Amino acid sequence: MWTIPNIITLIRVLLIPIFVAVYFLDWKWAHQAAAFIFWFAAITDWFDGYLARKLEQSTAFGAFLDPVADKLIVATALLLITDTYATAWITVPAILLLAREVYISALREWMGQKGLQDTVKVSFMGKAKTMAQMLALIGLLSEMQYFMGIPIYWVTLGYILLYFAAVLSLWSMVTYTIAAWPSLSKSESKQA
């Protein structure tokens, strides 16, 4: 259980309260520091998966904890940006992203119980959604449009990528549902 990838994943979980505490510090660069912590957590997500494969240290515990850690830190970041921006332009895509995560997690759990987890395994579209979502959250958490007087437009890019992630999120949700539908409809007909 205490493999290097699992320890890195646990560190990502432990970073969540630190991330939130830093975000709410009464300090000029608090949001930028919190965005950096979120970025670091996002990098560890890639790194722990890479190490699990490279070191052949994949475990059942890691397979369970890794997606949980991802969802916890992303949900936390989404809640923080909805509080900070307090606008429907952020809240609506944030709710869509959260709802999709809950739905897909439940669908994967259900398909896993049926022994059909490969039907809804992570696709390229899901990975693209995750990348867009992470970059959007870093930009929005940082609240940086300018750095030392130079326009960098991170918040603007964050808005664009948040909407892109929301569209990919809905698209992948429909794709996963269609892939799982034969099993879902078969189960319904047996219960009827």
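Worth a mention:
- Residue in region 148-168 that is closer than 23 Å to residue 45 by Cβ, open to solvent by less than 50 Å² (accessible area, probe 1.4 Å) and in a loop (DSSP other than H, G, I, E, B) present: no
- Of all the criteria given as (1) farther than 18 Å from residue 42 by Cβ; (2) modelled with pLDDT under 90, the one not satisfied by residue 103 is (2).
- Residue count for region 59-68, restricted to those that are of a type in the set (A, V, I, L, M) and open to solvent by less than 40 Å² (accessible area, probe 1.4 Å): 1.
- Looking only at region 8-23, and only at residues there that are surrounded by 14 or more Cβ atoms within 10 Å (Cβ to Cβ) and either free of Cβ contacts under 8 Å to residues at least 40 places away in the same chain or hydroxyl-bearing (Ser, Thr, Tyr) (or both), the one that is nearest to residue 143 (Cα to Cα): 23
- Checked across region 159-168, the condition of being of a type outside the set (A, V, I, L, M, F, W, C) and under 21 Å from residue 23 (Cβ atoms) holds for at least one residue.
- Checklist (1) open to solvent by less than 40 Å² (accessible area, probe 1.4 Å); (2) under 25 Å from residue 166 (Cα atoms); (3) of a type in the set (D, E, K, R) applied to residue 71, failing item: (1)
- Every listed requirement among (1) touching a helix residue (DSSP H, G or I) at 6+ places or on another chain (Cβ under 9 Å); (2) closer than 26 Å to residue 36 by Cβ is met by residue 111 save one, (2).
- Looking only at residues in region 113-144 that are part of a loop (DSSP other than H, G, I, E, B) and either among the small types (Gly, Ala, Ser) or without any contact (Cβ under 8 Å) to a residue 12 or more places away in the chain (or both), the one that is most open to solvent (accessible area, probe 1.4 Å) is 121.
- Within region 86-112, the set of residues being in a helix (DSSP H, G or I), open to solvent by 50 Å² or more (accessible area, probe 1.4 Å) and either farther than 15 Å from residue 165 by Cβ or of a type in the set (Ser, Thr, Tyr) (or both) comprises 88, 102, 103, 106, 108, 109, 110.
- Test for residue 69: is it touching a Pro at 6+ places or on another chain (Cβ under 8 Å), assigned to a helix (DSSP H, G or I) and at negative phi: no
- Lone qualifier among 27, 39 - being outside any helix (DSSP H, G or I) and open to solvent by 80 Å² or more (accessible area, probe 1.4 Å): 27
The values are calculated or read from the model by the stated rules, or taken from the named source; none is laboratory data. The structure presented is a predicted model; accordingly, all values stated were derived computationally and were not measured. Every residue, glycine among them, receives a Cβ derived from its backbone with ideal geometry; neighbour counts consider all protein chains shown. Accessible surface areas use protein heavy atoms only, side chains included; no ligands, DNA or RNA. Shrake-Rupley method; radii C 1.70, N 1.55, O 1.52, S 1.80 Å.
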